[in-house]
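Below is one structure, written out as structure tokens; comments come after it.
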Amino acid sequence: MANDSEHTIFDAVRDASAGPVEPVRLKESDGFCFHCHPDVACWNVCCHGADVTLTPYDILSLCRRLEIKAADFLARFTAPAIWGPAGLPVAKLRMEGAEGKGPCSFMIEAGCTVYADRPATCRYYPLGFGSFKTKDAEAVDDFFFLVRESHCRGHAEARSLSVAEFHHEQGLADYDRLNRGWIDILMKMASWKTMGGPGGEDVSKQTKQMFFLVSTDVDGFRRFVFETKFLESYDIDDEAIELLRNDDEALLRLGFDWLKSVMFRESTLTLRADVLQESIARARGDLGAT
Ligand code: SF4
Ligand code: SF4
């Protein structure tokens with residue numbers, strides 16, 4: 001079906017170009033053999049030259065842990081990149097060494113120094129996560145797949161568990177829940193992109209900048225919400241506005257809803273009646289209507 005779309009969001013910690021992805025879709029109840037622990041011969045190998053796209057909740061968690069602002073985190077630990085299928089700007093974890101093939105900045109011999117707050121991609125490994133949506137379906141279907149790289153000895157360990165057990169063990173529920181809106185945007189943009197973008201056109205440079213702001217810098221987005229005419233434009237009740245002042249997760253949800261309304265004209269946010277009337281009048285004026 002031409003408009004079906006399938007996209008893998010967390011491919012693997014490492015570049016999967018060597019073809020280690022097993023072409024089998026896994027459900028939550030499916031099992032696999034895997035155990036990663038400090039005594040494996042390959043300990044830390046996967047934390048070199050890793051290809052880690054940072055989700056909004058990854059950045060939020062790491063900033064909290066390191067007690068730094070997002071702008072500082074982005075400058076010190078990330079590199080800008082484009083998430084190819086959607087053509088949208090994202091931040092990747094910067095690896096040290098020539099051509100980014102060295103160790104992750106958070107890696108020491110004993111392991112990951114930010115383990116409790118490691119990014120979703122690191123948590124998922126050796127699973128990949130993808131989403132699939134058929135043209136007529138309302139919701140997306142998520143699926144998993146196994147990434148079996150030759151250097152990773154974890155697959156040879158005698159421990160079998162289900163995808164759901166691994167997901168729970170890796171503490172992925174909060175990451176999935178809080179990143180959902182962001183993943184939906186990437187997914188939708190990726191499927192639109194085959195047609196050039198929403199309505200056949202790519203989204204503007206300014207919209208891409210706002211996507212990057214929401215995705216990477218919750219403090220910057222809060223300033224945008226409270227220091228521009230944003231709150232005068234949308235119907236958001238006082239209680240919700242108070243929540244947005246201090247609740248980063250609520251602000252992220254607003255950011256995703258706002259991006260969906262701007263990028264895809266979804267009714268995730270309601271324009272205030274006077275603003276709506278004004279924009280209708282402006283559109284009629286542009287069309288030469290009286
Ligand atoms: S954040 Fe931690 S787990 Fe992820 S690549 Fe860096 S050191 Fe490895
Ligand atoms: S077993 Fe796999 S995931 Fe664990 S350290 Fe080795 S390469 Fe990394």
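The values are calculated or read from the model by the stated rules, or taken from the named source; none is laboratory data. As the structure is a computational prediction, the values presented were derived from the model and not from experiment. Note that we place each Cβ from the backbone using ideal geometry, even for glycine, and neighbour counts take in every protein chain shown.
Scanning the range 148-167 for residues that are surrounded by 13 or more Cβ atoms within 10 Å (Cβ to Cβ) and either aliphatic (A, V, I, L, M) or within 23 Å of residue 56 (Cα to Cα) (or both) yields 161, 163, 164, 166, 167.
For the range 157-175, the candidate set comprises residues that are in contact (Cβ under 8 Å) with a residue 40 or more places away in the chain and part of a helix (DSSP H, G or I); within that set, the residue that is nearest to residue 88 (Cα to Cα) is 175. Selection of the range 75-92 for residues being touching a Leu at 6+ places or on another chain (Cβ under 9 Å) and closer than 27 Å to residue 192 by Cβ yields 78, 79, 80, 82, 83, 85, 86, 88, 90, 91, 92.
Here residue 145 clears all of (1) farther than 29 Å from residue 223 by Cα; (2) surrounded by 15 or more Cβ atoms within 10 Å (Cβ to Cβ); (3) within 16 Å of ligand 1 (Cβ to nearest atom) except the condition numbered (3). A count restricted to the range 215-249 and to residues that are among the hydrophobic types (A, V, I, L, M, F, W, C), under 21 Å from the mean Cα position of the chain (by Cα) and farther than 28 Å from residue 202 by Cα stands at 1. When residue 261 is tested against the conditions (1) touching a residue at least 12 places away in the same chain (Cβ under 8 Å); (2) touching a strand residue (DSSP E or B) at 6+ places or on another chain (Cβ under 9 Å), the lone failure is (1). Taking the range 60-83 as the range and being more than 14 Å from residue 212 (Cβ to Cβ) and within 12 Å of ligand 1 (Cβ to nearest atom) as the test, the residues that pass are 61, 62, 65, 66, 77. The set of residues from the range 36-59 being within 12 Å of ligand 1 (Cβ to nearest atom) and among the acidic types (Asp, Glu) comprises 51, 58. Kindly indicate whether residue 24 is of a type outside the set (S, T, N, Q), assigned by TED's automatic domain parsing to the domain that holds residue 155 and modelled with pLDDT of 90 or more. No: the conditions fail for residue 24.
Conditions (1) modelled with pLDDT of 95 or more; (2) among the small types (Gly, Ala, Ser), marked per residue:
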residue	(1), (2)
195	no, no
200	no, yes
213	yes, no
219	no, no
225	yes, no
280	no, no
290	no, no
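Table: residues versus (1) more than 23 Å from residue 46 (Cβ to Cβ); (2) modelled with pLDDT under 90.
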{"position": "137", "(1), (2)": "yes, yes"}
{"position": "141", "(1), (2)": "yes, yes"}
{"position": "153", "(1), (2)": "no, no"}
{"position": "156", "(1), (2)": "no, no"}
{"position": "161", "(1), (2)": "no, no"}
{"position": "165", "(1), (2)": "no, no"}
{"position": "175", "(1), (2)": "no, no"}
{"position": "179", "(1), (2)": "no, no"}
{"position": "182", "(1), (2)": "yes, no"}
